[in-house]
Amino acid sequence: MRLLDDPNGFLVGAWRQYGDLFRLRIQIMGDVMVVADPQLIREMLVGDQSLFLAGQANQLGEPMVGARSLFLTDGDDHVWQRRLILPPFHARKLQSYVKQIEAISAKNLAALPTGKAVATRPYMQAIAMDVILEIVFGVRGAVADRLREALIAMRGPLGTIIMLPWMRQDFGPGSPWRIFTNRRNRVYELMAEEMAARRKEPDLAERNDTLSMLLLATDEEGRGLSDIDIRDQLLTLVTAGYETTATGLAWAVERLSRNPEVLETARAAALNGDDAYLAACARETLRVRPPLYHIARRLGHDYNIGGYEVPAGLAVMIPILLLHQREDIYDSPLAFRPERFLARVDPLDWLPFGGGPRRCVGAYLAELEMQIALKELLTHYTIHPAGTKDEHMKVFHVTLVPKHGGVAVLERI
Ligand code: HEM
């Protein structure tokens, strides 16, 4: 429970007491080996993927993302799926979405209340959801409204309850599993309708959104994704890209509000079109407050980790949060200093998006979105801290969220 309520305090406390390797016993996961040693982390991320199985470690997410999700597969199947899913997320392709993301950010940020403390996370969630609906699903208007409502309902607090394997039973009307599966069926129904409609669109091949591209994607032998594959991948993209990006943005507001000098430099950067500094602000936020504070692997066979014989099947946790607080990697690691990202940082020392062959598919989209939304916010609002204390970190579903929703006091410029 402490890991959910105070992940930073709990993990840092254990790290200080036990060092870079320790074992936790977590109710729903069993024993978990925590590995905070940078060298061992590298080995797990870029080493033999049949030994460090990400799909096996992510199985608790199955009800939310579906059995064919990229999150849950390993080996050749994962490599095959990933090759078909990646093209819409290439940096060059994503440049074509800049105008859309700017318009989405401007619309949602214009609704922010001013002159009083406001939790910014809901507004950032609205941005992240609209980006997914337009760019990933390729829908707008009434279709987007229906899908938005259904996706948000499915992803409510029940999402945490049904992660507990013993809650995945239908105990009758009103039981969490019945409610969750009804909501998921609604999402499935809307997605099936959209896929059928999209296949008939005469401009399908010219369309820019992920769904249209996945409907037409094939490998060298002409083999494509099934409708179930596509449905599960789209739900994976929502699951992976919605709370994470929104939370990253809410943390950026919280961190900027409490670091006035950085805030001033960031405002000047927004007004002068210095995108590099805004990108650095987003990166530094993801360093000090990584929305996914850990990633996991399950061992494919017995293995010696740092001198300990670890049995096949054991889950290994890579605590991104701890890696980012290492003094031997980052000077004054708790300080919020975007400048450190103006120079080159070793990609395996900065892991908000993981690393190696499982690195986040949407990393570039998320960074672009954060940069654009921050620019919009800083150009139109002054930001003041709400209170003197840093906002506490806690876990919602699997995301590291600000306890009060990234609160700040804003004034329209
Ligand atoms: C700030 C926002 C985001 C953060 C912090 C984040 C973080 C991560 C992390 C830590 C992983 C696991 C990597 C590993 O196991 O090594 C991951 C995987 C993934 N992310 Fe993201 N993500 C973000 C946004 C997005 C977006 C916007 C999308 C797409 C719309 C996305 C799609 C995915 C997918 C599909 C995977 C699975 C990759 C695989 O298993 O091969 N993410 N993300």
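The values are calculated or read from the model by the stated rules, or taken from the named source; none is laboratory data. Predicted model, so just to flag it, every value in this text is computed and none were measured. Note: ideal-geometry Cβ built from the backbone for every residue, glycine included; neighbour counts use all protein chains shown.
Selection of region 319-341 for residues being more than 30 Å from Q27 (Cα to Cα) and surrounded by 14 or more Cβ atoms within 10 Å (Cβ to Cβ) yields I329, Y330, P333, F336, R337, P338, R340, F341.
So is A246 surrounded by 23 or more Cβ atoms within 10 Å (Cβ to Cβ), out of contact with any Ser or Thr (no Cβ under 8 Å at 6 or more places or on another chain) and not basic (K, R) or not? Judged against the criteria, A246 is a match.
Put simply, of K93, K107 the only residue that is assigned to a helix (DSSP H, G or I), closer than 30 Å to G156 by Cβ, more than 12 Å from the ligand (Cβ to nearest atom) and not aliphatic (A, V, I, L, M) is K107. Report, by residue number, each residue of region 326-350 that is part of a loop (DSSP other than H, G, I, E, B) and either among the aromatic types (F, W, Y) or in contact with a Lys or Arg (Cβ under 9 Å, 6 or more places away or on another chain) (or both). Within region 326-350, Y330, D331, P333, F336, V345, P347, L348, D349, W350 meet the criteria.
Out of region 2-17, which residues are free of Cβ contacts under 8 Å to residues at least 12 places away in the same chain and surrounded by 13 or more Cβ atoms within 10 Å (Cβ to Cβ)? Hits for region 2-17 are G9, F10.
Please go through region 345-358 and give me each residue that is within 22 Å of I329 (Cα to Cα), within 8 Å of the ligand (Cβ to nearest atom) and touching a helix residue (DSSP H, G or I) at 6+ places or on another chain (Cβ under 6 Å), ordered by number. Correct list: L351, P352, F353, G355, G356. Restricting V361, V316 to residues that are touching a residue at least 24 places away in the same chain (Cβ under 8 Å) and either surrounded by fewer than 21 Cβ atoms within 10 Å (Cβ to Cβ) or within 11 Å of the ligand (Cβ to nearest atom) (or both) narrows the list to V361.
Checking every residue in region 244-262 against the condition of being within 15 Å of I85 (Cβ to Cβ) and within 16 Å of the ligand (Cβ to nearest atom) gives zero matches. For the structure I just gave you, tell me whether R289 is over 17 Å from Q39 (Cβ atoms) and touching a strand residue (DSSP E or B) at 6+ places or on another chain (Cβ under 8 Å). Yes, satisfied.
Restricting L334, L400 to residues that are within 15 Å of the chain's Cα centre (by Cα), modelled with pLDDT of 95 or more and either within 16 Å of the ligand (Cβ to nearest atom) or among the hydrophobic types (A, V, I, L, M, F, W, C) (or both) narrows the list to L400.
Within region 18-36, the only residue that satisfies the criterion of being touching a residue at least 60 places away in the same chain (Cβ under 8 Å), assigned to a loop (DSSP other than H, G, I, E, B) and more than 23 Å from the chain's Cα centre (by Cα) is D20.
Among the residues of this structure, A266 does not count as one that is under 16 Å from the mean Cα position of the chain (by Cα), surrounded by 21 or more Cβ atoms within 10 Å (Cβ to Cβ) and closer than 24 Å to T244 by Cα. The set of residues in region 263-313 that are within 13 Å of the ligand (Cβ to nearest atom), within 25 Å of L4 (Cβ to Cβ) and either among the aromatic types (F, W, Y) or not in a loop (DSSP other than H, G, I, E, B) (or both) comprises T285, L286, R287, V288, Y293, I295, A296, R297, R298.
Condition check ((1) touching a residue at least 12 places away in the same chain (Cβ under 8 Å); (2) of a type outside the set (G, A, S); (3) in a loop (DSSP other than H, G, I, E, B)) across all residues:
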| site | (1), (2), (3) |
| --- | --- |
| R184 | yes, yes, no |
| V187 | yes, yes, no |
| E193 | no, yes, no |
| A196 | no, no, no |
| E201 | no, yes, yes |
| N208 | yes, yes, yes |
| L214 | yes, yes, no |
| E220 | no, yes, yes |
| I228 | yes, yes, no |
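In region 113-121, the count of residues that are over 17 Å from D229 (Cα atoms), surrounded by 17 or more Cβ atoms within 10 Å (Cβ to Cβ) and among the basic types (K, R) is one or more.
The set of residues in region 137-154 that are among the aliphatic types (A, V, I, L, M), modelled with pLDDT of 95 or more and buried (at least 19 other Cβ atoms within 10 Å of the Cβ) comprises V139, L147, A150, L151.
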